[in-house]
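Below is one structure, written out as structure tokens; the observations come after it.
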Amino acid sequence: MRLRADGALVLAVATFFMAAASRVLAAGAEIIVSVADQELVLVANGKTTARFPISTSKFGNGDMRGSYRTPLGETFVSAKIGDGLPAGAVIKNRVATGEIVNGNAPGRDAIVSRVIWLRGMDGTTANTRDRCIYIHGTAEEQKIGRRASFGCIRMRSKDVITLYGLVHIGTHVRISEKPLRDFLPPEEPSLLARSD
């Protein structure tokens, strides 16, 4: 019985420190989405910590209601949906349906795995939350890397699950037509890169 209690205490302490580390990372984090590159990066404490291929709207950019376009500008994470769901879990109207689909399932264009719901911060993104613009997993993983969505930012299930665990409500999200090189911090020189 004593061992069981000690094991639970160790687990509780480990969980506390992992959650604290995640909050520290997320506190200084920003997501940058490049429509030009069809990539998303997470920058934390001035360093690129994660980089993923994505898919933005096949209808172009904009925030007009009913346009199915990806909004450009400043947003932030306003809600996170999907804690603990398995990869491929279908989410409809922000609720898990209980169905699980494999990546690239024929004829399926479901929102899967995780939903990171965005809210606009300026005039160019004012309708973002009401339009239900998300960063989310897609069942159409073969289309990642090109413009194929209906306004949202799509990711592979494994990638959106990773990103979901690294961000929190309030994390800043910048969506831009510019390439990532315009936003990323300069790489620190490495002794391995020296030519002399």
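The values are calculated or read from the model by the stated rules, or taken from the named source; none is laboratory data. Quick caveat: nothing in here was measured; it's all calculated off a predicted structure. For neighbour counting, all protein chains shown are included, and Cβ atoms are generated from backbone atoms with ideal geometry for every residue, glycine included.
Hey, could you check the range 113-124 for residues that are of a type outside the set (A, V, I, L, M, F, W, C) and either modelled with pLDDT under 95 or within 21 Å of residue 87 (Cα to Cα) (or both) and say which is surrounded by the fewest Cβ atoms within 10 Å (Cβ to Cβ)? Break it down into steps so the answer makes sense when it comes.
If we filter the range 113-124 for residues that are of a type outside the set (A, V, I, L, M, F, W, C), which is where we start, we get 113-114, 119-120, 122-124.
Subset that is either modelled with pLDDT under 95 or within 21 Å of residue 87 (Cα to Cα) (or both): 113-114, 122-124.
On the way: 113: 29, 114: 26, 122: 13, 123: 9, 124: 17.
In this case the residue turns out to be 123.
Pairing each residue of the range 86-108 that is in contact (Cβ under 8 Å) with a residue 60 or more places away in the chain with any residue that is assigned to a strand (DSSP E or B), provided the two are 6+ apart or on different chains, yields C-beta distances under 6 Å for 87/113; 88/100; 88/112.
So for the range 125-136 (the condition being surrounded by fewer than 23 Cβ atoms within 10 Å (Cβ to Cβ), of a type in the set (Asp, Glu), modelled with pLDDT of 95 or more and closer than 16 Å to residue 53 by Cβ), does at least one residue qualify? No, the conditions are met nowhere in the range 125-136. Strands (runs of 3 or more DSSP E) fully within the range 39-108 that include at least 1 residues being in contact with an Asp or Glu (Cβ under 7 Å, 6 or more places away or on another chain): 39-44, 47-53, 73-81, 89-92. Among all residues of the range 67-76, there is none that is modelled with pLDDT of 95 or more, over 26 Å from residue 176 (Cα atoms) and of a type in the set (Asp, Glu).
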